[in-house]
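The values are calculated or read from the model by the stated rules, or taken from the named source; none is laboratory data. These numbers come from a predicted model, not from an experiment. With ideal geometry, Cβ positions are generated from the backbone for all residues, glycine too; neighbour counts draw on all protein chains shown. For the accessible areas, the whole protein counts, side chains as well, though only heavy atoms, and no ligand, DNA or RNA atoms are used. Shrake-Rupley method; radii C 1.70, N 1.55, O 1.52, S 1.80 Å.
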Amino acid sequence: MKRNTNESFGKKNKCHKRDSVSLLLYLLVNISAFITIMALIFIIAYILIKGIPYLSVDLFAWEYTTENVSLLPALINTIFMTLLSLVVAVPVGVGSAIYLTEYAGRGNRLVSIVRVTAETLSGIPSIVYGLFGSIFFVSLCGFGLSLLSGALTLAIMILPLIMRSTEEALIAVPDMYREGSFGLGAGKLRTVFKILLPCAMPGILSGIILAIGRIVGESAALIFTAGTIPSVAKNVFSSTRTLAVHMYALSGEGLYINQTYATAVMLLVLVIAINALSELVAKKLGGNDE
């Protein structure tokens with residue numbers, strides 16, 4: 001009888017220990033989430049409070065001068081830079097992911113090498129990409145400080161992100177979809193484009209959204225490849241500056257700090273708008289537009 005009592009008491013102690021550990025982990029997770037949310041709210045509120053009062057009509061003039069410090073050319077260049085970078089990176093990244101998941105054999109050494117290479121590229125600092133772009137695209141290719149040099153450099157930066165997110169999205173599609181498509185007589189290519197890609201589209205767009213965020217907020221790489229000229233790009237070989245570079249240039253001069261905060265507000269609005277639009281497209285393509 002005593003043995004049974006001791007055993008039940010020991011089990012209760014173990015349960016209490018487990019419960020205490022679970023409670024501790026629960027509290028730590030909630031505290032971490034609270035700190036993260038509060039930090040995000042603080043940053044957004046700080047930018048809005050410091051920047052909104054200095055938003056004026058002069059900041060949206062078509063031409064930049066030292067008097068109006070217009071951000072409109074940089075805003076337009078940011079959109080151009082984002083679109084051009086995605087045009088280069090998305091087909092290559094999605095195509096590479098399709099090959100690695102659907103065409104390369106399982107256990108293929110090439111697949112493991114490409115994955116390690118992609119992970120290595122994603123960890124390289126942006127300033128290194130800028131130096132590479134300056135040497136290769138600006139000097140060797142002869143593109144100069146231009147929109148094209150900056151976009152190609154950013155395309156290389158976001159390529160691992162798009163490739164890995166697309167690969168994970170394709171792997172998450174159940175194999176029964178592939179087997180059912182093959183059973184109905186569809187070929188490999190038709191299965192990929194008609195069955196797998198539509199199912200994986202939300203995951204692919206999530207990676208593209210993250211890539212857009214990195215493009216919009218990048219400054220170090222673009223200073224060495226796209227330049228800092230504050231005018232709207234006339235063509236892909238024109239030197240430009242994006243919003244992030246515009247903020248860097250204004251803050252570096254030390255004369256337009258208030259306008260720098262106003263530019264930060266517009267950058268924040270641009271990122272939120274792009275993310276909202278991408279989420280809407282993801283829901284439409286994923287069939288979740290309820």
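Rounded to the nearest 20, the size of the Cβ-charge dipole of segment 50-173 about its Cα centre is 460 debye, with Lys and Arg at +1 and Asp and Glu at -1.
Once Rh for segment 202-251 is found with the Kirkwood sum over Cα pairs, what is the Stokes-Einstein diffusion coefficient at 37 °C and 0.692 mPa s, in µm²/s? The Stokes-Einstein estimate is 276 µm²/s. Go through (i) 21.0, 67; (ii) 17.9, 52; (iii) 25.0, 91 and flag the label whose value is the computed Rg and Dmax of the Cα atoms in Å for this structure. Recomputing Rg and Dmax of the Cα atoms in Å here gives the entry labelled (iii). Taken about its Cα centre, segment 178-290 carries a charge dipole of roughly 440 debye when the Cβ of each Lys and Arg holds +1 and the Cβ of each Asp and Glu holds -1. Measuring nothing but how far apart in sequence close Cα pairs (under 8 Å, 6+ apart) lie, relative to its length, the chain scores a relative contact order of 25 percent. Between the residues SER146, TYR64, SER32, the greatest Cα displacement towards the positive end of the dipole of the chain, with unit charges on the Cβ of Lys, Arg, Asp and Glu, is found for SER32. Within segment 53-117, the GluC sites (Glu not before Pro) that combine a DSSP coil assignment with at most 10 other C-beta atoms in a 10 angstrom radius are GLU67. Given a Förster radius of 30 Å and the C-beta distance between SER122 and LYS284 as r, what FRET efficiency does 1/(1 + (r/R0)^6) yield to the nearest 0.05? The calculated FRET efficiency here is 0.55. Taking the longest Cα principal axis of the chain as reference, the axis of helix 197-216 is set at about 50 degrees.
Across the accessible surface of the chain, with the other protein chains kept in place and a 1.4 Å probe, carbon and sulfur atoms take up 68 percent.
Of all the options LEU159, LEU270, LEU189, the one that moves most in a Gaussian network model of the chain with Cα springs shorter than 10 angstrom is LEU189. Among the trypsin sites (Lys or Arg not before Pro) found in segment 97-176, those both in a DSSP coil and sparsely packed, with 12 or fewer other Cβ atoms within 10 Å of their Cβ, are ARG106.
Size check on segment 206-290: the Cα extents along the three principal axes, sorted descending, read 49, 31, 21 Å. The share of C-alpha pairs in segment 54-212 whose separation exceeds 20 Å stands at 61 percent. Near GLN259: Cβ cut-off under 13 Å, other residues only, Lys/Arg at +1 and Asp/Glu at -1. The net charge is -2. Each peptide among 75-86, 19-30 gets the average number of other Cβ atoms lying within 10 Å of its residues, and from highest to lowest they stand as 75-86, 19-30.
Coupling constants for segment 241-249 follow from the phi torsions by the Karplus curve (6.51 cos²θ - 1.76 cosθ + 1.60, θ = phi - 60°), and in residue order they are 9, 8, 4, 5, 5, 4, 4, 4, 5 Hz; glycine and proline get x.
Given their separation in residues at 0.36 nm each and the Cα-Cα distance between them, ILE113 and ALA33 gain 25.2 nm when the chain is fully extended. Relative intensity of segment 44-106 on a log10 scale, I(q)/I(0) at q = 0.12, 0.22, 0.28 Å⁻¹, equals -0.56, -0.93, -1.06, per a Debye sum over C-alpha point scatterers of equal strength in the absence of solvent.
For the chain, the longest principal axis of the C-alpha atoms and the axis of helix 109-122 are separated by about 60°.
Using Cβ point charges alone (K and R +1, D and E -1), the dipole size of the chain about the Cα centre works out to roughly 1440 debye.
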